[in-house]
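Student: Would you mind keeping the following structure in view while I ask a few things?
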Amino acid sequence: MIFKFFGQSKVDTFAKSLAQDIAKRYPPAIANNPEQMVSQKRLTTILEDTFNRAQQFNRENRLGMFKKAKLGNTFKWELKEMGYEEKFIEMATEGLIVYLTRGAA
């Protein structure tokens, strides 16, 4: 039990995979460079795909309030470690939390 508490959880692993998926489709080098603009529609599609995956994970795993918060925090820190700017990190994390808390669509 103690080892599971200190080990990487399923929620952490999933949150990191969400951030990595965003990085594949919208790398920090592009996100942080104002000269390499990506259309708003493309960015919205990338984020909505990610948030929909999170919502499906939530339905399958019945995440409670604390696990949703853990998912959001791990996602946020993974984006920071990847080098995204704070403005994008806050927007993406807020969107993730909204999708998770609004329930089934």
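Student: Quick one: MET37 ticks every box in (1) exposed (fewer than 13 other Cβ atoms within 10 Å of the Cβ); (2) part of a helix (DSSP H, G or I); (3) of a type outside the set (D, E, K, R); (4) modelled with pLDDT under 95 except a single one, so which number is it?
Tutor: Tallying (1) exposed (fewer than 13 other Cβ atoms within 10 Å of the Cβ); (2) part of a helix (DSSP H, G or I); (3) of a type outside the set (D, E, K, R); (4) modelled with pLDDT under 95, MET37 fails exactly one: (2).
Student: Residues in region 60-80 that are of a type outside the set (A, V, I, L, M) and loosely packed, with under 11 Cβ neighbours inside 10 Å: how many? Spell out how you get there, then give the answer.
Tutor: Taking region 60-80 first, the residues of a type outside the set (A, V, I, L, M) are 60-62, 64, 66-68, 70, 72-78, 80.
Then keep just the ones that are loosely packed, with under 11 Cβ neighbours inside 10 Å; that gives 60, 62, 64, 66.
Here the count works out to 4.
Student: In this structure, does LYS68 turn out to be of a type in the set (Lys, Arg) and under 17 Å from SER9 (Cβ atoms)?
Tutor: yes
Each row is one residue, and each column tells you yes or no for (1) over 11 Å from the mean Cα position of the chain (by Cα); (2) at pLDDT below 95; (3) in a helix (DSSP H, G or I).
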position: PHE5; (1), (2), (3): yes, yes, yes
position: SER17; (1), (2), (3): no, no, yes
position: THR45; (1), (2), (3): yes, no, yes
position: PHE51; (1), (2), (3): no, no, yes
position: THR74; (1), (2), (3): no, no, yes
position: TRP77; (1), (2), (3): no, no, yes
position: GLU81; (1), (2), (3): yes, no, yes
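Student: Within 17 Å of GLU90 (Cβ to Cβ), without any contact (Cβ under 8 Å) to a residue 60 or more places away in the chain and surrounded by 16 or more Cβ atoms within 10 Å (Cβ to Cβ): which single residue out of ALA54, ALA19 fits that description? Before you say what the answer is, go through the steps one by one.
Tutor: On the way: ALA19 fails: without any contact (Cβ under 8 Å) to a residue 60 or more places away in the chain.
It is ALA54.
The values are calculated or read from the model by the stated rules, or taken from the named source; none is laboratory data. In this text the structure is predicted, and so the values were computed from the model without any measurement. Neighbour counts are summed over all protein chains in view; Cβ atoms, including those assigned to glycine, are modelled from backbone coordinates with ideal geometry.
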